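See below for the structure under consideration.
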Amino acid sequence: MKESIKKFMLKVPKMIRNFLMEDLNKKIDKLEKKIDVNTRDDIRGEIVNFAEDLRQGINKSLVQYKHIFEIYDKYHKLGWNSYITNEFNFIKKKYNEIFNK
C-alpha cells in the first residue's frame, strides 16, 4: 500500500504533493497521539485491575506478574502519573512477598 501511494505521489506536481504530504503528516501525528492516549488508558486500567485483584486476594501467576511489569514499562514510556506508580509499587510489594521469600 505504501509503495503504491509513493508511486502515485511522484506523479503529482511538487507544490500539490507538498501540500498533500503536509496535511497527511498532520493527520498521522494526530492519529498517533490518539493511539498513545488509548493505549495509555488501556494499560492504566489493566494495572489498576491487577492491583485490585491482589487486594481481593486473587492469586496471580509469575507469568501474569511479568506481563504487568512489561506493560508498566510501556506505560512509563508513554507518560505516567503518581497514582499508577503507587498501584505498581503495591504490585511489586506483593510480588516480592510471594516470589522473593
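Computed values, structure above
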item	result
Reachable aspartates and glutamates from K30, criterion Cα separation under 16 angstrom, eight or more residues apart if same chain	E22
The range 54-70 - phi-based ³J(HN,Hα) in whole Hz, Karplus 6.51/-1.76/1.60, Gly and Pro as x	4, 5, 7, x, 7, 6, 10, 7, 4, 4, 5, 5, 4, 4, 5, 5, 5
Distance in nm between pseudo-label sites at F90 and L10 (7 Å out along the Cβ direction from Cα)	5.7 nm
At R0 = 22 Å, FRET efficiency that the Cβ-Cβ distance of E70 and K33 yields, to 0.05	0.45
Theoretical ellipticity at 222 nm over the chain - DSSP helices of four or more residues, -39500 (n - 2.57) apiece, nearest 500	-30000 deg cm²/dmol
Degrees, to the nearest 10: 82-99 long Cα axis against longest axis of the chain	50 degrees
Given K33/K60; K6/K77; K34/K94; K33/K77; K7/K33; K27/K74, the pairs whose alpha carbons are separated by over 22 Å	K33/K60; K6/K77; K34/K94; K7/K33; K27/K74
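Computed from the coordinates by the stated procedures, all read-outs in this text should not be read as laboratory data. These numbers come from a predicted model, not from an experiment. Backbone-built Cβ (ideal geometry, glycine too); neighbour counts: all protein chains shown.
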